[in-house]
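To start, the structure under review is shown below, and the notes come after it.
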Amino acid sequence: MNKKVVNFTVNGEPHEVLVETNTLLLHVLRDELGLTGTKYSCGTGQCGSCTVLVNGEPILSCIFLAVAAEGADIVTIEGLSAPDGTLESVQEAFLDFGAIQCGFCTPGLVLMAKDLLNKNPNPSETEIREHIKGNLCRCTGYVSIVRAIKSCSK
Amino acid sequence: MEGMDYLRPRNLRDAFNAIEKTKGLIKFIAGGTNVIPDIRAETLSPKLIVDLSVLKSLYYIKETNRTISIGALTTISEIVKSDVIRRVAPILSSAAHQLGNTLTRNRATLGGNLADASPAADMAPPLLALEALIHTKCGQESGRKISLDKFFLGPNKTVLAKDEIITKITFLKPKESAHGSYIKLGLRDSMAISIVSLAVMLQVENNVCQKARIALGAVAPTPVRSYRVEKELEGREMSIKNIHEIAVLIEKEISPISDIRASAEYRKYETSVLLKRAIQQALERGKK
């Protein structure tokens with residue numbers, strides 16, 4: 001098996017890890033760095049629960065090799081709230097609108113919501129639904145999620 | 001993935017040097033949205049993965065007076081966002097928009113979608129209808145230009161050699177009088193492998209079709225053009241009656257299979273229904 005040293009930052013902190021070439025970024029984040037906010041669900045890039053930001057863009061970490069993260073800036077859900085624990089407005093909205101039930105899809109959805117609002121501060125409901133199509137939720141039926149995101153639009 | 005090696009070359013020369021020295025299966029990877037799931041499912045066991053994703057020179061969308069040129073590593077997200085593509089080739093925009101979902105589109109690339117060569121490859125039908133050319137680089141030699149309709153050999157098989165990569169995809173800008181339509185039928189609205197997909201480009205004057213290009217996905221071992229239906233349309237008046245008569249001929253041009261998503265009979269039927277719809281949409285756009 002081939003091992004490689006990989007350097008990247010996660011939530012602003014630099015990390016150096018030794019990984020197998022076939023290790024996925026998701027597992028490094030969860031198992032090596034203990035950042036378990038990002039979830040492992042389908043493992044095939046279809047459910048979105050493994051969403052993280054790499055160089056500002058949301059991607060699926062369960063189909064992203066750790067070795068491909070060399071030099072990257074990664075943000076996980078843990079990196080969204082302030083160091084003192086103050087929640088982002090999107091996170092508050094999810095709480096206010098009851099958009100969380102089991103919570104498993106939530107990290108991915110919150111990151112996608114933040115991504116949308118950064119790019120389009122006033123999205124329509126259609127645009128919201130379009131943007132979160134890659135994140136599955138088995139609990140809420142999405143209505144409360146869409147309302148929460150809509151409440152954050154300017 | 002036992003003993004898999006990984007290389008992320010900064011330029012093509014380094015890539016080709018590494019490939020020359022490797023025996024065993026080499027897999028190029030860009031976004032990895034098909035390659036990684038395949039490796040995890042163990043339908044693919046490469047000895048070496050060559051990650052092309054930092055070859056910045058292959059990310060671009062360029063417009064000249066006559067042509068559009070898209071670097072092979074341009075992500076599908078970039079194509080969705082491109083005003084140039086939306087203006088010049090809206091059927092390509094439309095297909096990009098319906099590929100996977102927001103997350104996969106951020107990583108999936110145009111070159112990767114074509115090189116993976118699924119019979120249902122989303123970007124293939126519009127590029128076939130636009131008569132696109134694939135440009136490649138092969139080892140230390142210069143490479144070649146391949147017309148997209150000669151590129152696919154079978155499911156997940158192309159004419160690319162083991163050490164050959166796509167560098168760019170080009171097509172001539174359609175004439176002002178040409179309009180098209182792209183329709184994808186899937187079992188759901190997003191993250192769906194097509195049951196039938198089709199792209200149509202029509203050039204019509206005084207309601208007579210001057211030039212037609214019809215391309216289909218998911219209804220044959222590869223994405224295909226329908227030369228016969230194109231010839232039937234050319235020179236004919238675009239009346240509802242004629243369109244209906246000609247659209248039905250498509251059923252003889254395709255060879256869909258029955259699989260977990262749909263039966264062959266359903267695919268055949270839907271293809272002619274959607275072809276009528278696509279022709280009508282293209283004509284509507286021409287009238288605006």
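No value in this document is a laboratory result; all are computed from the given coordinates. All values reported here derive from a predicted model rather than from experimental measurement. When we count neighbours, we look across all protein chains shown, and the Cβ atoms used for this are built from the backbone with ideal geometry, even at glycine.
Going Cα to Cα from residue B:162, which lysines come in below 27 Å? Please leave out same-chain ones fewer than 8 positions away.
Counting by Cα, and skipping residues close in sequence, residue B:162 has these lysines nearby: A:3, A:4, B:21, B:23, B:27, B:47, B:56, B:137, B:145, B:150.
Find the eigenvalues of the gyration tensor of the Cα atoms of chain B, then list the square roots of 5 times those eigenvalues as equivalent ellipsoid semi-axes, largest first, in whole angstrom.
Ellipsoid half-lengths, sorted descending, are 34, 21, 16 Å.
Counting alpha carbon pairs within less than 8 Å and at least 6 residues apart, what relative contact order, in whole percent, applies to segment B:1-102?
Normalised by residue count, the contact order of segment B:1-102 is 23 percent.
Given the -39500 (n - 2.57) contribution per DSSP H run of 4+ residues, what per-residue ellipticity at 222 nm results for the protein assembly as shown, rounded to the nearest 500 deg cm²/dmol?
Helix-only estimate at 222 nm: -8000 deg cm²/dmol.
Among A:106, A:67, A:121, which residue has its Cα furthest toward the positive end of the charge dipole of segment A:67-124, with +1 on Lys/Arg Cβ and -1 on Asp/Glu Cβ?
A:121
Pop a pseudo-label 7 angstrom from the Cα along the beta-carbon direction at both residue B:260 and residue B:141 and give the gap in nm to one decimal.
It is 4.0 nm.
What is the set of long-range amide H partners of residue B:153 at a cut-off below 5 Å, with H atoms built 1.01 Å from backbone N?
So residue B:153 has HN proximity to B:158, B:159.
What would the Debye equation give as log₁₀ I(q)/I(0) for segment B:178-287 at q = 0.19 Å⁻¹, counting only Cα atoms as equal point scatterers?
Debye output, listed in q order: -0.89.
Around residue A:11, with a cut-off of 10 angstrom between Cβ atoms, what is the net charge of the other residues, counting Lys and Arg +1 and Asp and Glu -1?
On the way: positive: none; negative: A:13, A:73, A:78.
Its environment carries a net charge of -3.
Can you tell me how segment B:1-136 classifies by the Cα gyration tensor, rounded, prolate or oblate, using a/c under 1.5 as the rounded cut?
Because a/c hits 1.5 or more and a/b exceeds b/c, segment B:1-136 counts as prolate.
Cβ neighbours within 10 Å, averaged per peptide: list B:127-135, B:259-267, B:146-154 in order, most packed at the top.
The peptides rank, most packed first, as B:127-135, B:146-154, B:259-267.
Could you rank the peptides B:18-28, B:40-50 by their average count of other C-beta atoms within 10 Å per residue, with the highest value first?
Order by mean packing, descending: B:40-50, B:18-28.
In a shell of Cβ-Cβ distance under 14 Å around residue B:241, excluding residue B:241 itself, what net charge do Lys and Arg (+1) and Asp and Glu (-1) give? It would help to have the intermediate numbers written out before the result.
Values: positive: B:236, B:276; negative: B:232, B:237, B:245.
Residues near residue B:241 contribute -1 overall.
Using a ≥ b ≥ c from the Cα gyration tensor of segment B:102-221 (square roots of the eigenvalues), is it rounded, prolate or oblate, where a/c under 1.5 gives rounded and otherwise the larger of a/b and b/c decides, a/b for prolate? Provide the component values of the computation, followed by the final result.
Numbers: a/c = 2.01, a/b = 1.26, b/c = 1.60.
Verdict is oblate for segment B:102-221.
Report, in order of residue number, the helices in chain B meeting two criteria: a C-alpha extent of 20 Å or more along the helix axis, and a mean Kyte-Doolittle hydropathy of at least -1.0; treat each whole DSSP H run as one helix.
Span-like helices here: B:264-287.
Between residue A:153 and residue B:62, what is the spin-label point distance in nm, taking each point 7 Å from the Cα along the Cα→C-beta axis?
For residue A:153 paired with residue B:62, the spin-label model returns 3.9 nm.
According to the square roots a ≥ b ≥ c of the eigenvalues of the Cα gyration tensor, what is the shape class of segment A:89-151, taking rounded for a/c under 1.5, prolate for a/b larger than b/c otherwise, and oblate for the remainder?
Cα axes put segment A:89-151 in the prolate bin.
For residue B:190 and residue B:21, what does the FRET efficiency come to when R0 = 45 Å and r is the distance between their Cβ atoms, rounded to the nearest 0.05?
The calculated FRET efficiency here is 0.60.
For chain B, what relative contact order do you get, as a whole percent, if you take Cα pairs closer than 8 Å and at least 6 residues apart? Walk me through the intermediate numbers first.
On the way: 614 pairs, mean separation 42.4, N = 288.
Here the relative contact order equals 15 percent.
If you take every residue apart from residue B:19 with its C-beta less than 12 Å away from the C-beta of residue B:19, what net charge results, scoring Lys and Arg +1 and Asp and Glu -1?
For residues surrounding residue B:19, the net value is +2.
In square nanometres, what is the average projected area of the Cα convex hull of the protein assembly as shown?
Numbers: hull surface 88.8 nm².
Projected area, direction-averaged: 22.2 nm².
Could you give P(r) for chain A, binned at 10 Å from zero, as whole percent values over all Cα-Cα pairs?
Pairs per bin, as whole percents: 11, 41, 33, 13, 2, 0.
Can you give the charge dipole size of chain B about its Cα centre, rounded to the nearest 20 debye, using +1 on the beta carbon of Lys and Arg and -1 on the beta carbon of Asp and Glu? Spell out each step's value before the answer.
Working: 43 positive and 31 negative charges, 114 e Å.
In debye, rounded to 20, chain B gives about 540.
Under the rule of at least 5 residues apart or a separate chain, name every residue whose amide H is placed under 5 Å from the amide H of residue A:52.
A:59, A:61
Hey, got the dipole for segment B:5-51? About the Cα centre, +1 on K and R Cβ, -1 on D and E Cβ, debye to the nearest 20?
140
Quick one: putting +1 on the C-beta of Lys and Arg, -1 on the C-beta of Asp and Glu, what dipole do you get for the protein assembly as shown around its Cα centre, in Debye to the nearest 20?
1380
Output ³J(HN,Hα) for segment B:207-221: one whole-Hz value per residue in order, computed from phi by the Karplus curve 6.51 cos²θ - 1.76 cosθ + 1.60 with θ = phi - 60°, and x for Gly and Pro.
6, 10, 6, 8, 8, 10, 10, 10, 9, 10, x, 6, 10, 6, x
How many percent of Cα pairs in segment A:3-79 exceed 21 Å? Write down the numbers at each step before the final one.
Values: 394 of 2926 pairs.
Tail of P(r) above 21 Å: 13 percent of Cα pairs.
With unit charges on the beta carbon (Lys/Arg positive, Asp/Glu negative), name the residue among B:101, B:156, B:170 whose Cα is farthest towards the positive pole of the charge dipole of chain B.
It is B:170.
Determine the equivalent ellipsoid of segment B:5-51 by diagonalising the alpha-carbon gyration tensor, then write out the semi-axes as square roots of 5 times the eigenvalues, largest first, rounded to whole Å.
20, 13, 6
Run the numbers on segment A:3-79 and let me know its relative contact order in percent, using alpha-carbon pairs under 8 Å that are six or more apart.
Computed value for segment A:3-79: 40 percent relative contact order.
List, in order, the whole-Hz ³J(HN,Hα) value for each residue of segment A:113-122 obtained from phi through the Karplus relation with A = 6.51, B = -1.76, C = 1.60 and θ = phi - 60°; use x for Gly and Pro.
For segment A:113-122, the Karplus-derived couplings read 4, 4, 4, 4, 5, 5, 8, 9, x, 10 Hz, x marking Gly and Pro.
Can you list the lysines whose alpha carbon is less than 24 Å from that of residue A:133, not counting same-chain residues fewer than 8 positions off?
Within reach: A:39, A:114, A:119, A:150, A:154, B:81, B:184.
With the dipole of segment B:190-288 worked out from charges on the C-beta (+1 for Lys and Arg, -1 for Asp and Glu) around the Cα centre, which of B:217, B:282, B:264 lies farthest toward the positive end?
B:282
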